[in-house]
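Structure first, commentary second.
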Amino acid sequence: MQYQNTEAFAREQDQQDPLARFRERFLFPIVADDSREGMRTAIYLCGNSLGLQPKATRNYLERELQKWGQYAVDGHFHAEEPWFTYHKLLREPLARLVGALPQEVVAMNNLTSNLHLMMVSFYRPAGQRYKILMEGGAFPSDQYAVESQVRFHGYTPQDAIIEVNPRAGEHTLRTEDILAAIDEHKESLALVLFSGIQYYTGQVFDMQAISSAAHKAGAFAGFDLAHAIGNVPMQLHEWEADFAVWCSYKYLNSGPGSTAGAFVHERHINNTDIPRFAGWWGHNEEERFKMEKGFKPIAGADGWMLSNSNILPLAAQRASLDMFEEAGIEQLRQKSMQLTGYLEWMLCNSIGCDKWGIEIITPSQPEARGCQLSLFVHKGGKAVFDKIDSAGVIGDWREPNVIRVAPAPLYNSFMDVYVFCRIFERALQEVVG
Ligand SMILES: Cc1ncc(COP(=O)(O)O)c(C=O)c1O
């Protein structure tokens, strides 16, 4: 696509966008715009942190509230879409997003809780094989989870955790370096744990290559898909990942703290010998209410469930999954590549990153990133961020001086990108001069 730095170009792209209709199905924050001395609809580029609220969410929630009011406890079994099996309604759309068989996915808990549950099953240190290899600078919750797991098994994080870092002077990891590190430690690895997309840099990791290298080394492969689900298409089943976990409040627009998910590969789901922490909702459905001793796990990712589902967050998630089903993740990805490509082009070719001391630390190859760009703002970073914030842009700030902006293809437009760039350029002029 030949990009242009004009409002007419941005408007024309929006007119031709086959997914443009989804934008009006979301609620956008109304924020103050100091430069206009008034209020405006936010330029919302923060779906990497919290996705917008679909207008349909309210209806989904009201339906469940109505059921609760009308049926009370009978809602579990006798209402339409009974709560007993409600989580299963999300299974197929989620499976399509991560490239899995329906029985390999389950919506449950929160991301970090699921990571712990998965590590109970897939971090099984024994003898020389007790180490976990992960990306340096992983999201802190993952670091804490991994540190506490290795300690729980009697090891020290210093010894048992191997971090792979970018080369000196580089911000992102080279796949060859990840694979070489796995090979170098092949005698001692129990688990390779990576994010699908790195939260800070926006880099997409080669999950297939990492999974295959981990298996060649005799280790399990697990992924944190917090920034990947709903952002890039995946094929977890085909890539033979052992497990994955995700949250749903970012690109899945399911609301703050909404129900997360997990994937367990088909080859493990019938294996009752895999150690796991159990709860009654993972127990064989037909026998669950016999209230008997002896845990019999469901043959499926559902066998890792602990508790009965939080119905309201699941209901909220369905409002968003409906749109993913209608739009299709492949079509969203196509738009996303163009939208983020436009953002990159505007920053580099129109605003001029070098001139303002801005380094885009996200990979420049479209297939090696999702929708997010991370801008390392070397001069006046926080002041620039505050300026765009007070002009009605919602992005986010990560220390020491990174502004993350993520045009989400389900609700962002080319005009959002265009207007953001105008505001960003003006902020740079005012702060850097
Ligand atoms: C990459 C990544 N992992 C883990 C988490 C933690 O998620 P939760 O609070 O849902 O456990 C986040 C939250 O933003 C994240 O971005």
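The values are calculated or read from the model by the stated rules, or taken from the named source; none is laboratory data. The model shown is predicted, which means the values in this text are computed figures rather than measured ones. Cβ: placed from backbone, ideal geometry, glycine included. Neighbour counts: every protein chain shown.
Restricting attention to the range 234-257, report how many residues are of a type outside the set (Gly, Ala, Ser), within 19 Å of Gly370 (Cα to Cα) and assigned to a loop (DSSP other than H, G, I, E, B).
Residues that pass the stated criteria total 8.
So Ser188 fits all but one of (1) crowded, with 19+ Cβ neighbours inside 10 Å; (2) farther than 24 Å from Leu111 by Cβ; (3) under 26 Å from the mean Cα position of the chain (by Cα); what number is the exception?
(3)
Quick check on the range 99-116: of everything there that is touching a strand residue (DSSP E or B) at 6+ places or on another chain (Cβ under 6 Å) and within 15 Å of the ligand (Cβ to nearest atom), which residue is nearest to Ser254 (Cα to Cα)?
Top of the filtered list is Ala107.
Quick one: count up the residues across the range 91-139 that are over 30 Å from Glu399 (Cβ atoms), under 17 Å from the mean Cα position of the chain (by Cα) and of a type in the set (Ser, Thr, Tyr).
Total satisfying the criteria: 0.
Of all residues in the range 99-116, how many are of a type in the set (A, V, I, L, M, F, W, C) and part of a helix (DSSP H, G or I)?
Going residue by residue through the range 99-116, those that are of a type in the set (A, V, I, L, M, F, W, C) are 100-101, 105-108, 111, 115.
From what's left, part of a helix (DSSP H, G or I): 111, 115.
Going through the range 99-116 one residue at a time, the tally reaches 2.
Name the single residue, out of those in the range 142-160 being surrounded by 16 or more Cβ atoms within 10 Å (Cβ to Cβ) and within 16 Å of the ligand (Cβ to nearest atom), that is nearest to His227 (Cα to Cα).
So the residue we want is Asp142.
Please name all residue pairs, on different chains or six or more residues apart, with Cβ atoms under 6 Å, provided the first residue is in the range 195-218 and is closer than 20 Å to Leu115 by Cα and the second residue is more than 13 Å from the ligand (Cβ to nearest atom) and basic (Lys, Arg).
Filtered contacts from the range 195-218: Val204/Arg369.
Hey, among the residues in the range 199-228 that are within 11 Å of the ligand (Cβ to nearest atom) and part of a loop (DSSP other than H, G, I, E, B), which one's farthest from the chain's Cα centre (by Cα)?
By that ranking, first place goes to Tyr200.
Among the residues of the range 233-248, write down those that are more than 12 Å from the ligand (Cβ to nearest atom) and in contact with a helix residue (DSSP H, G or I) (Cβ under 7 Å, 6 or more places away or on another chain).
Pro233, Met234, Leu236, His237, Trp239, Glu240, Ala241, Asp242, Phe243
Looking only at the range 249-307, which residues are at positive phi and more than 16 Å from the ligand (Cβ to nearest atom)?
The answer is Met291, Gly294, Gly300.
Out of the residues in the range 73-98 that are touching a His at 6+ places or on another chain (Cβ under 7 Å) and assigned to a helix (DSSP H, G or I), state the one that is nearest to the ligand (Cβ to nearest atom).
Applying the filter and picking the extreme gives Trp83.
In this structure, is Ile403 hydrophobic (A, V, I, L, M, F, W, C), over 26 Å from Asp206 (Cα atoms) and crowded, with 22+ Cβ neighbours inside 10 Å?
No, not satisfied.
For the condition without any contact (Cβ under 8 Å) to a residue 40 or more places away in the chain and under 30 Å from Thr175 (Cα atoms), what is the one hit in Leu375, Leu343, Leu332, Leu410?
Exactly one of Leu375, Leu343, Leu332, Leu410 is without any contact (Cβ under 8 Å) to a residue 40 or more places away in the chain and under 30 Å from Thr175 (Cα atoms), namely Leu375.
Name the residue, out of Ala138, Ala168, that is assigned to a loop (DSSP other than H, G, I, E, B), in the same structural domain as Asn310 (by TED's automatic domain parsing) and surrounded by fewer than 17 Cβ atoms within 10 Å (Cβ to Cβ).
Every option except Ala168 fails the conditions.
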